[in-house]
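Note sheet for the following structure.
The values are calculated or read from the model by the stated rules, or taken from the named source; none is laboratory data. Please read all numbers here as calculations on a predicted model, not as lab measurements. So basically every Cβ, Gly included, is an ideal-geometry build from the backbone, and we count neighbours across all protein chains shown. Surface accessibility is based on the protein's heavy atoms, side chains included, excluding ligands, DNA and RNA. Shrake-Rupley method; radii C 1.70, N 1.55, O 1.52, S 1.80 Å.
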Amino acid sequence: MSRGSGGGYDRHITIFSPEGRLFQVEYAFKAVKAAGITSIGVRGKDSVCVVTQKKVPDKLLDQSSVSHLFPVTKYLGLLATGMTADSRSLVTQARNEAAEFRFQYGYEMPADILAKWIADKSQVYTQHAYMRPLGVVAMVLGMDEERGPLLYKCDPAGHFYGHKATSAGMKEQEAINFLEKKMKENPAFTYDETVQTAISALQSVLQEDFKATEIEVGVVRAENPIFRCLETEEIEEHLTAISERD
């Protein structure tokens with residue numbers, strides 16, 4: 001009847017298969033995994049940390065121009081796993097939305113409101129034939145004055161949840177299994193423990209030791225709630241601490 005396994009039901013995003021599945025949305029999840037990158041986010045007592053692989057596909061590329069970490073506002077960070085072009089488009093729109101929120105309400109957009117906006121947008125893309133879903137899983141991190149550190153994950157289907165720790169990308173399930181063991185006792189991680197747990201989780205599931213240039217680390221801390229990406233030297237310090245600990 002048609003190419004592929006969808007039996008013709010994967011031609012349009014708006015058509016359910018007889019089993020009640022939307023194949024195009026499922027393919028969007030596969031596109032995220034096909035990017036070949038694994039990302040991890042961990043929430044501590046007074047900080048949030050996200051870590052992802054940094055793969056530079058071409059030796060001639062300027063390394064500093066390859067990144068999956070984006071500041072949405074000064075205080076909100078977004079880690080995009082999946083198709084980079086899609087994520088840049090999403091971040092541009094998210095920045096506009098956050099600026100609009102700041103102008104309208106007079107205070108910075110909280111992480112959960114941004115996550116909800118991204119999820120609402122993704123959900124609408126599963127209903128209309130003129131837009132395909134974005135091949136991106138977005139992790140949003142920030143500090144909240146009332147609720148402390150926040151980590152949210154939004155997927156192409158329009159789900160969004162707050163997490164103590166989470167993962168996205170190629171080795172997502174293995175990373176989640178590792179993190180579940182780590183977070184079982186509800187530990188109140190310090191800033192250093194949060195960063196090192198995230199990095200060691202990534203090392204564990206990919207079974208390799210990274211150089212500081214091969215990963216990207218984004219953090220937000222209670223004492224200084226500005227989102228920032230760690231410098232190579234800082235990442236190196238954490239990698240040394242992990243190898244000494246092990």
Working only within segment 54-79, note down all residues that are in contact with a Leu (Cβ under 7 Å, 6 or more places away or on another chain) and in contact (Cβ under 8 Å) with a residue 40 or more places away in the chain. H68, L69, V72, L76, G77, L79
Given (1) out of contact with any strand residue (DSSP E or B) (no Cβ under 7 Å at 6 or more places or on another chain); (2) farther than 27 Å from H12 by Cβ; (3) touching a residue at least 24 places away in the same chain (Cβ under 8 Å), number of the condition E146 does not satisfy: (3)
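Counting just the residues of segment 96-135 that are over 28 Å from K30 (Cβ atoms) and among the charged types (D, E, K, R), which one comes out least open to solvent (accessible area, probe 1.4 Å)? Steps first, please.
Pass one, segment 96-135, residues over 28 Å from K30 (Cβ atoms): 96, 98-110, 113.
Those still in the list that are among the charged types (D, E, K, R) too: 100, 102, 108.
On the way: E100: 100, R102: 107, E108: 65 Å².
The extreme case among them is E108.
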Residue, most open to solvent (accessible area, probe 1.4 Å), within segment 21-66, restricted to residues that are in a helix (DSSP H, G or I) and of a type in the set (S, T, Y): S64
Test M143 against the criterion of being touching a helix residue (DSSP H, G or I) at 6+ places or on another chain (Cβ under 9 Å), farther than 23 Å from I176 by Cβ and assigned to a loop (DSSP other than H, G, I, E, B), and give yes or no. no
Residue count, segment 222-246 (criterion: basic (K, R), surrounded by 11 or more Cβ atoms within 10 Å (Cβ to Cβ) and either touching a helix residue (DSSP H, G or I) at 6+ places or on another chain (Cβ under 6 Å) or over 19 Å from Y75 (Cβ atoms) (or both)): 0
Inside segment 195-215, can you point out the residues that are surrounded by 15 or more Cβ atoms within 10 Å (Cβ to Cβ) and under 22 Å from M183 (Cα atoms)? V195, Q196, T197, A198, I199, S200, A201, L202, Q203, S204, V205, L206
Among the candidates Y161, Y152, which residue alone is outside any helix (DSSP H, G or I), surrounded by fewer than 23 Cβ atoms within 10 Å (Cβ to Cβ) and within 18 Å of the chain's Cα centre (by Cα)? Y161
Among the residues of segment 67-80, what is the count of those that are open to solvent by 60 Å² or more (accessible area, probe 1.4 Å) and of a type in the set (A, V, I, L, M, F, W, C)? 0
